[in-house]
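Working notes for the structure below.
The values are calculated or read from the model by the stated rules, or taken from the named source; none is laboratory data. Treat the numbers as computed from the prediction; the structure is a model and nothing was measured. FYI the Cβ positions are ideal-geometry reconstructions off the backbone, even for glycines, and counts take in every protein chain you see. Note: areas computed on protein heavy atoms with side chains; ligands, DNA, RNA excluded. Shrake-Rupley method; radii C 1.70, N 1.55, O 1.52, S 1.80 Å.
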Amino acid sequence: MAKVLTIVIPAYNVEQYIDRCLESVTTHVDSLDDLEIIVVNDGSKDNTLELAQRYAVKYPQSVRVIDKPNGGWGSGINRGIEEATGKYLKTLDSDDWFNTANIDAFVSLLKQLEVDMILTSFSEVDADNHVREKNVSTSLSGKVMSIDDYLVKNNYSMSAPIHAIAYRTATLKNANYRVFERFYGDLDYIILPLIYVKTVYLSPLNIYQYFLGREGQSVSIAGYNTHIDDYLTVCEKTVIFWEEHKESFSKPLRRYVLNATIERIKWAYVLLLSPIYRGRKSDSINKLKILDALVKNDRLLYSLTNKITAKKVIPWIYIWRKTGINLFNL
């Protein structure tokens, strides 16, 4: 049977969470035969592989486990894209889960659609089980739009982290797209494929449940401090992507990618200048100089990032560039 949805689950040392994740996409799912669930074990040192393999035995028509050496989050996504056969592809981190109650309706919707990208509602769930729903725009949902039309109507924002996105699998495969293989590859995944996306559809179905409570997550202070070089690599990759494609973007996509690139540069400065992260370490300044030299190659990026202010009046990036003085924490 042809698969409708491939769910790619990169997994590394998540024995505490993998059951919840896989239960959510297998148990009480009537459309299970339409799902291709690919668990990519990224060299786990705990019982993650063994636990995942139990689901492959129990649901052999739907669950497949790939065991590979450790390569990082993005390497698992890339392997999943290579192996995927479903009409659409959605990622699921192994410490997160899907809203099982909405999977059948989602699969039914995907059978009907012929678009490059689907955006759905999702929820953020903290360690105390407090839920914050992140809903797509109701005024834009339920219709097929061009990516340009969507960006214009959505104020040139995607409003779509990776939790909201499903891509047409062929769109990724035909572009030979590969996400950055280490940490923060999700930032890569939500921008770079857009040059191949022509159509988008928004659905209010709440699918992804994003868990905020795991210690050591890449978006925590400790995570950023440990993986700062990965973030800088993704930031630099975004800058290069902008520089290489800015003349070929449509006007709406150009505006969106420009804004997103500026935000990534700004956050790199925060990470490297704020003492909360790496700001008091000499190597941070050297890393920032390397990034700044890359940004300076693009006059527009350099000019716009000079205008970023703290406390609404202090152009702290501009001052650092001109004097080396760090006013970020004033």
Restricted to the range 194-204 and to residues being crowded, with 19+ Cβ neighbours inside 10 Å and not β-branched (V, I, T), the residue modelled with the lowest pLDDT is L194
When residues of the range 173-182 are filtered for being surrounded by fewer than 23 Cβ atoms within 10 Å (Cβ to Cβ) and either touching a residue at least 24 places away in the same chain (Cβ under 8 Å) or under 12 Å from the mean Cα position of the chain (by Cα) (or both), how many remain? 5
Unique residue being touching a residue at least 60 places away in the same chain (Cβ under 8 Å) and not hydrophobic (A, V, I, L, M, F, W, C) when the list is R54, R64, R20: R20
Kindly provide the set of residues from the range 129-160 that are assigned to a loop (DSSP other than H, G, I, E, B), of a type outside the set (S, T, N, Q), surrounded by fewer than 17 Cβ atoms within 10 Å (Cβ to Cβ) and in contact (Cβ under 8 Å) with a residue 24 or more places away in the chain, ordered by number. G142, K143
Restricting the range 161-172 to residues that are of a type outside the set (V, I, T) and open to solvent by less than 40 Å² (accessible area, probe 1.4 Å), the one nearest to I81 (Cα to Cα) turns out to be L172
Among the residues of the range 1-51 satisfying the criterion of being among the acidic types (D, E) and surrounded by 20 or more Cβ atoms within 10 Å (Cβ to Cβ), which is farthest from S108 (Cα to Cα)? D42
